[in-house]
Amino acid sequence: MPDALQLLKTRRSVKPMELGGPGPSPAELETLLTIGARVPDHGKLAPWRFIVFEGDARLAAGEKIAAIFRADRADATPEQIEFERKRLARAPLVVAVVSRAAPHVKIPEWEQQLSAGAAAMNLVNAAYALGFAASWITEWYSYDRRVLDALGLAPHERIAGFVHIGRPAKPPEERDRPQLADIVTRY
Ligand SMILES: Cc1cc2nc3c(=O)[nH]c(=O)nc-3n(C[C@H](O)[C@H](O)[C@H](O)COP(=O)(O)O)c2cc1C
């Protein structure tokens with residue numbers, strides 16, 4: 001288990017295709033979700049929720065994604081449809097972070113949405129702390145209302161991300177990061 005600062009300084013996303021098994025155990029999953037829910041949340045609204053996709057449920061959800069893809073693409077090849085069917089089956093575990101942000105008398109919706117982002121990031125960091133790797137992605141299906149309906153989201157709910165979690169096939173390469181001089185000013 002890496003030291004916390006070292007983890008935060010070195011973490012890199014790993015593509016879903018490169019995330020293998022075994023996935024988290026039930027106890028590790030509970031740890032992941034508990035840490036995911038431990039985020040700043042103005043007004044204690046819990047303006048997010050999680051949907052867990054593991055095992056066959058990943059393909060059951062993928063069938064819905066593929067059906068909608070096919071409905072729009074009469075020319076889709078069997079390979080493309082199969083790719084869509086396996087969208088959520090690339091990694092052993094996928095956790096959808098669902099934003100439940102809604103109008104509130106005191107708490108701006110923007111802040112509720114930010115809290116969902118914090119939940120997704122906590123999930124990602126917790127995955128690394130447990131020795132896994134992760135990828136926070138959205139892709140097209142996060143923005144297709146028909147898919148969201150099929151996955152059981154209420155009309156006001158949105159996807160903050162599908163966090164894919166598994167074992168990295170190989171250590172990720174570093175990527176460029178913003179120069180602090182470009183993003184930091186002193187007031
Ligand atoms: C809300 C959100 C959605 C994202 N969606 C995608 C996506 O659909 N596809 C993708 O390749 N990367 C997506 N990313 C970017 C990756 O999560 C990640 O930031 C990127 O691969 C760089 O990796 P890093 O974590 O090592 O900086 C998304 C990031 C965020 C915050």
Check off (1) out of contact with any helix residue (DSSP H, G or I) (no Cβ under 7 Å at 6 or more places or on another chain); (2) surrounded by 17 or more Cβ atoms within 10 Å (Cβ to Cβ) for W110 and give me the number that stays unchecked.
(2)
Given (1) surrounded by 15 or more Cβ atoms within 10 Å (Cβ to Cβ); (2) within 16 Å of the ligand (Cβ to nearest atom), number of the condition L7 does not satisfy
(1)
H104 fails exactly one of (1) in contact with a Leu (Cβ under 9 Å, 6 or more places away or on another chain); (2) surrounded by 15 or more Cβ atoms within 10 Å (Cβ to Cβ), namely (2)
State which residue pairs qualify: first residue open to solvent by 90 Å² or more (accessible area, probe 1.4 Å) and inside the range 59-83, second residue aromatic (F, W, Y) in any location, beta carbons under 9 Å apart, and separation of 6 or more residues or different chains.
K64/Y141
If you go through the range 98-114 one residue at a time, do you hit one that is among the hydroxyl-bearing types (S, T, Y) and part of a helix (DSSP H, G or I)?
no
Take E109 and tell me if it is more than 16 Å from the chain's Cα centre (by Cα) and charged (D, E, K, R).
yes
How many residues, within the range 20-76, are over 20 Å from S142 (Cβ atoms) and in a strand (DSSP E or B)?
1
When V184 is evaluated against the numbered criteria (1) surrounded by 12 or more Cβ atoms within 10 Å (Cβ to Cβ); (2) of a type in the set (A, V, I, L, M, F, W, C); (3) more than 14 Å from the ligand (Cβ to nearest atom), which criterion, by number, is the only one it fails?
(1)
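Got at least one residue in the range 77-88 being assigned to a loop (DSSP other than H, G, I, E, B), within 28 Å of R38 (Cβ to Cβ), more than 11 Å from the ligand (Cβ to nearest atom) and modelled with pLDDT of 95 or more? Walk me through it before giving the result.
Here is the first cut: in the range 77-88, the residues assigned to a loop (DSSP other than H, G, I, E, B) are 77, 86.
Adding the requirement that they be within 28 Å of R38 (Cβ to Cβ) leaves none.
No, the range 77-88 has no match at all.
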Picking from A120, A126, A181, which residue would you name as being over 18 Å from the mean Cα position of the chain (by Cα) and among the small types (G, A, S)?
A181
Say we look at the range 165-178 and pick out the residues that are within 28 Å of A37 (Cα to Cα) and within 9 Å of the ligand (Cβ to nearest atom); which of these is modelled with the lowest pLDDT?
P172
Just name the residue that is surrounded by the fewest Cβ atoms within 10 Å (Cβ to Cβ) out of those in the range 122-164 that are within 10 Å of the ligand (Cβ to nearest atom) and in a loop (DSSP other than H, G, I, E, B).
T138
Restricted to the range 10-19 and to residues being among the hydrophobic types (A, V, I, L, M, F, W, C) and outside any loop (DSSP other than H, G, I, E, B), the residue least open to solvent (accessible area, probe 1.4 Å) is L19
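The values are calculated or read from the model by the stated rules, or taken from the named source; none is laboratory data. Small disclaimer: the values here were computed from a predicted structure and weren't measured. Cβ atoms come from the backbone with ideal geometry, glycine included; neighbour counts cover every protein chain shown. The protein model used for the area step is the full one, side chains on, heavy atoms only, and it has no ligands, DNA or RNA in it. Shrake-Rupley method; radii C 1.70, N 1.55, O 1.52, S 1.80 Å.
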